[in-house]
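Here is the structure we will look at.
The values are calculated or read from the model by the stated rules, or taken from the named source; none is laboratory data. Owing to the predicted nature of the structure, the values given are computational and were not obtained by experimental measurement. Here the Cβ is made from the backbone with ideal geometry for all residues, glycine too, and neighbour counts use every protein chain on show. Accessible surface areas use protein heavy atoms only, side chains included; no ligands, DNA or RNA. Shrake-Rupley method; radii C 1.70, N 1.55, O 1.52, S 1.80 Å.
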Amino acid sequence: MSQQLSKSTYPQFPSYPERIIQFGGGNFMRAFVDWQLQQMNDQGLFQGSAVVVQPTEHGLSGLMAKQDCLFTVLLNGIFQGEPVSSHEIVTSISRVINPYTQYDDYLALAEDDGLEFITSNTTEAGISYHAGDRSGDMPPNSFPGKLTALLFRRFELKKKGFVIIPCELIDRNGEKLKHLVQQYAQEWQLGEAFSIWLDEENTFCCSLVDRIVPGYPRNTAKELEIKLGYLDELMVTAEPYLLWVIEGPEWMSERLPLHKTGLSVIFTDDMTPYRERKVHLLNGPHTAMVPLGLLAGLETVEEIMQDECFSRYVQELMENELAPMLDMPRENVLSYAKDIQERFKNPFIRHELTSISLNSISKFKARLLPILLRYQRVKGELPPLISLSFAALLLSYRGDRLTRQDVPDVLAIFDKAWSTPSSFVTTILKEESLWGEDLSTVPHLVQVIGEHIHQLDHAGSRAALQQRV
């Protein structure tokens, strides 16, 4: 067996002072934020590292420590018409803190004047309120609660604030995160002076991220170990394409000069058009295809796109239901949709449907539900393909489905609703905590979803699709 990647076996890499606090060290953050940080460092533009805060009690801190926070990013695909196949050891993470076992070390981050930025990707479910969080918790359970505790400590030390750039795929993520921090500050009675400091000394940016990151290459790991000459349990595959849109003040681009690396990073005062296009035309089809594909026994996005029936579903979903609901020139939208379908077909990327399925309820709410509701208002009828996917998603959350992956509170709601199958559809659509509103009032939705679930459960997703595409 090869030696494991670490600084003892590969000691030649430089180290940089910590300038970024990063909540989450999962596949996406390593192949997106940390990879971009590496590019800035390599070009002498930033000279800084990220200290990762583990957002949940059980995470990668042990494995990261084992490899001294080194890992490999593998880029595979077609970029600007040319094939890309590369690997790079990323050294931009300095250390990982588990606040559940190192809370004092976590709060000590507030003491470091060199730390300027905070980034995060705690999944769409991460930027949410947790009623049980208290100011004395070590740590609070939620990500916004943890962040509030850190910011309050920073305030107590009379230090400057942070530039905070969340990467979670929810609309206006920076604004929502700031609102939750303000809510905790009020509930915890942290004082008016802290609220003023929070508003005046910190910059919460909304952002949009785009890179397909399948994660650890399980099927080729042994071959890669031989090729690379070392064992890396944290290596992560990604497509060459990348886009990061950051909405913030003009000075941001000088403080964080990502665009100077030649990467597709856009600083703007309004990210809305970029977000609408990306969330609904890339993330939307991802979320739509997952429950239907898993029901049919498919495993990857590429398998979906190589399957005549399912690829036609994706194409018609994008062209007939998603694109018409976007307030942009149709020609531009369809051109973008075509590019997305090419990215989905990337033969070098094994993007597993089960990995996309994590926290699918919050993803559906952000990516597809707004289109479903808009379509119904505009056309006076339900979008047939989104509705079918919605039904497959609800079916996939039945207790006998092994693919469901979500937070315990969401699974508990589904288990309770499924305990009475005859009223399940009405009960779950009424659950405002899941959808933000009572969906049982949407005309014909209860009936249509009920019929779809029955068909999917008895005939399967392929038969249901063949009737519609």
*Among the residues of the stretch 124-153, which ones are open to solvent by less than 20 Å² (accessible area, probe 1.4 Å) and either closer than 24 Å to residue 254 by Cα or among the small types (Gly, Ala, Ser) (or both)?*
126, 142, 145, 149, 151
*Could you tell me which of the residues 88, 82, 57 is charged (D, E, K, R), loosely packed, with under 14 Cβ neighbours inside 10 Å and in contact (Cβ under 8 Å) with a residue 40 or more places away in the chain?*
57
*Can you tell which of 429, 465, 445, 388 is under 18 Å from residue 357 (Cα atoms) and open to solvent by less than 70 Å² (accessible area, probe 1.4 Å)?*
388
_Checking residue 304 against (1) in contact (Cβ under 8 Å) with a residue 60 or more places away in the chain; (2) buried (at least 20 other Cβ atoms within 10 Å of the Cβ), only one condition comes out false. Which one?_
(1)
_Here are the criteria: (1) touching a residue at least 24 places away in the same chain (Cβ under 8 Å); (2) part of a helix (DSSP H, G or I); (3) closer than 20 Å to residue 447 by Cβ. Tell me which single one residue 382 does not satisfy._
(2)
*Within the stretch 193-222, which residues are open to solvent by less than 50 Å² (accessible area, probe 1.4 Å), among the charged types (D, E, K, R) and not in a loop (DSSP other than H, G, I, E, B)?*
210
*Quick check: is even one residue across the stretch 43-53 touching a residue at least 40 places away in the same chain (Cβ under 8 Å) and surrounded by fewer than 19 Cβ atoms within 10 Å (Cβ to Cβ)?*
yes
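Across the stretch 371-385, what is the number of residues that are open to solvent by less than 40 Å² (accessible area, probe 1.4 Å), over 15 Å from residue 319 (Cα atoms) and of a type outside the set (A, V, I, L, M, F, W, C)? Can you show your working first?
Filtering the stretch 371-385 for residues open to solvent by less than 40 Å² (accessible area, probe 1.4 Å) gives 371-373, 375-376, 382-383, 385.
Restricting the remaining residues to those that are over 15 Å from residue 319 (Cα atoms) gives 373, 376, 382.
Next, only the ones that are of a type outside the set (A, V, I, L, M, F, W, C) stay: 376.
Selection size over the stretch 371-385: 1.
Of these, 256, 294, 281, which one is crowded, with 19+ Cβ neighbours inside 10 Å and within 23 Å of residue 456 (Cβ to Cβ)?
Working: 256 fails: within 23 Å of residue 456 (Cβ to Cβ); 281 fails: within 23 Å of residue 456 (Cβ to Cβ).
Of the residues listed, the single one that is crowded, with 19+ Cβ neighbours inside 10 Å and within 23 Å of residue 456 (Cβ to Cβ) is 294.
Pick out the one residue from 51, 33, 73 that is over 15 Å from residue 238 (Cβ atoms) and of a type in the set (A, V, I, L, M).
On the way: 33 fails: over 15 Å from residue 238 (Cβ atoms); 73 fails: over 15 Å from residue 238 (Cβ atoms).
The unique qualifying residue is 51.
Looking at the stretch 162-186, which of the residues that are part of a helix (DSSP H, G or I) and in contact (Cβ under 8 Å) with a residue 40 or more places away in the chain is most open to solvent (accessible area, probe 1.4 Å)?
Per the criteria, the residue is 176.
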*asked:* So in the stretch 259-278, with the set limited to residues that are within 21 Å of the chain's Cα centre (by Cα) and in a loop (DSSP other than H, G, I, E, B), which one is surrounded by the fewest Cβ atoms within 10 Å (Cβ to Cβ)?
replied: 270
_Extreme residue, nearest to residue 23 (Cα to Cα), among residues of the stretch 92-113 that are open to solvent by 10 Å² or more (accessible area, probe 1.4 Å) and touching a strand residue (DSSP E or B) at 6+ places or on another chain (Cβ under 6 Å)_ = 96
_Options 128, 135, 207: the member that is closer than 30 Å to residue 266 by Cβ and at pLDDT below 95_ = 128
